[in-house]
Amino acid sequence: MKDALQFGGLFLGIVLFTQIGTRRHNLFWTVMPFVTSGSIGAFVILTGQHHYQLPGDVWSGVVGGLIGVAIGLTLTTVMRVFRRDGRLYVRSAWAYLAIWFGVLAARTVFVWLLENVPSFATSVGKFMLRNGIGPDGATLFFVLMALAMSVSRELGVLYKAHRLSPEPERVSA
């Protein structure tokens, strides 16, 4: 539970300090989600510390990724992307924060239920056994969900930016 709370707090802090409000969107903000997601994903998934069970763990990761894409696209719908003075800006407000907070709260509640409600833990364990999902499959689910959420959100921003009409050139007199 301590790890879940620390992880949730870290993500909430990152969201508050880097994504809420109006911010200029430049090459750094465009590339960062792809580099960090790729690096974190490779580190977590490809280290020799995991023993994935096929096909259950693969399906667990696929489902996590699909849920992450859905959340990322939902985040994109509440973001405003606009140009001002030839520069690209992104505005994320309360709805964006509420979605992030809801996702982190749901994850924290899930972990709390696993650790503190034996009947819930037993039900989840039976589900995992029935579907061939090992402990690493559960990790894969959450990692791919987070990574897909981040990448799909950024792709949504790029799509919205691409659809913007360019600002007319200002002619100085």
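The values are calculated or read from the model by the stated rules, or taken from the named source; none is laboratory data. All of these numbers come straight from a predicted model, not from anything done at the bench. So basically every Cβ, Gly included, is an ideal-geometry build from the backbone, and we count neighbours across all protein chains shown.
All told, residue 13 falls short of being exposed (fewer than 12 other Cβ atoms within 10 Å of the Cβ) and in contact (Cβ under 8 Å) with a residue 60 or more places away in the chain. Total residues in the range 135-169 satisfying the condition of being within 27 Å of residue 89 (Cα to Cα) and part of a helix (DSSP H, G or I): the figure is 19. Inspection of the range 47-58 identifies no residue that is among the aromatic types (Phe, Trp, Tyr) and part of a helix (DSSP H, G or I). Checked against (1) closer than 19 Å to residue 108 by Cβ; (2) loosely packed, with under 14 Cβ neighbours inside 10 Å, residue 31 meets all criteria but (1).
For the range 65-81, indicate whether the set of residues that are in a loop (DSSP other than H, G, I, E, B) and surrounded by fewer than 14 Cβ atoms within 10 Å (Cβ to Cβ) is non-empty. Scanning the range 65-81, I find no residue that is in a loop (DSSP other than H, G, I, E, B) and surrounded by fewer than 14 Cβ atoms within 10 Å (Cβ to Cβ), so the answer is no. Here residue 152 qualifies as hydroxyl-bearing (Ser, Thr, Tyr), under 29 Å from residue 50 (Cα atoms) and in contact (Cβ under 8 Å) with a residue 12 or more places away in the chain. Being farther than 28 Å from residue 137 by Cα, at pLDDT 90 or above and surrounded by fewer than 17 Cβ atoms within 10 Å (Cβ to Cβ) is a property that residue 58 lacks. Contact annotation: residue pairs with Cβ atoms under 8 Å, 6 or more positions apart or on different chains, pairing a residue in the range 90-107 that is free of Cβ contacts under 8 Å to residues at least 40 places away in the same chain with a partner that is among the hydroxyl-bearing types (Ser, Thr, Tyr) and part of a helix (DSSP H, G or I), are 99/74.
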